[in-house]
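These notes are about the structure you will find just below.
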Amino acid sequence: MLDYNGSEFWNIDNELANVQIKINQNENLQTLYSKRFEMKTDSFGVSRTSYLKIAYRKLIKEILYNSLKEIQESFDDEVILEAKLPQKENPNTRDVKTFGIACIDDAEYFNIHSFKIELESYEIISHEEFWRLLETKLADLK
């Protein structure tokens, strides 16, 4: 996708797309936002973040929370886990008719329960393990 200046943004990393496909095959989960750590410098310095925001059906809330908590506890204070309550209004809505992505175009996009789990680390191996754990623990969660 191109922004207003013609620069690419929000392109899905192929490896991350494969993880998301496996997670989204679970009928009780839907990935919303994600970012995989990249060893590159941006305007804020070296990015050291991987994260996943995921919506869920209420029937698996406790099981999902426990699985995400296990992942969090695997990383010695490098992982933040947040529960997100539904938002009645979409804070990303723009004054354009169609932007091309649901998180901006759909007024109801954030009217859901979700969790966000985020890893902060400069260690590539930690990020690889983070995504491996998310894939294995969430894909078959029931």
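No value in this document is a laboratory result; all are computed from the given coordinates. Since the model is a prediction, treat every value here as computed from it, not as a measurement.
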Give me a comma-separated list of calculated 3J(HN,Hα) values for the range 122-139, in order, Karplus coefficients 6.51, -1.76, 1.60 applied at θ = phi - 60°, integers in Hz, x for any Gly or Pro. 8, 8, 4, 4, 5, 5, 4, 5, 4, 6, 5, 5, 4, 4, 5, 7, 9, 4
So if each residue of separation counts as 0.36 nm, and I subtract the Cα-Cα distance between E73 and E15, what length gain in nm does that give? 18.5 nm
Cut-off under 5 Å, modelled amide H: who pairs with I112 long-range: Q87
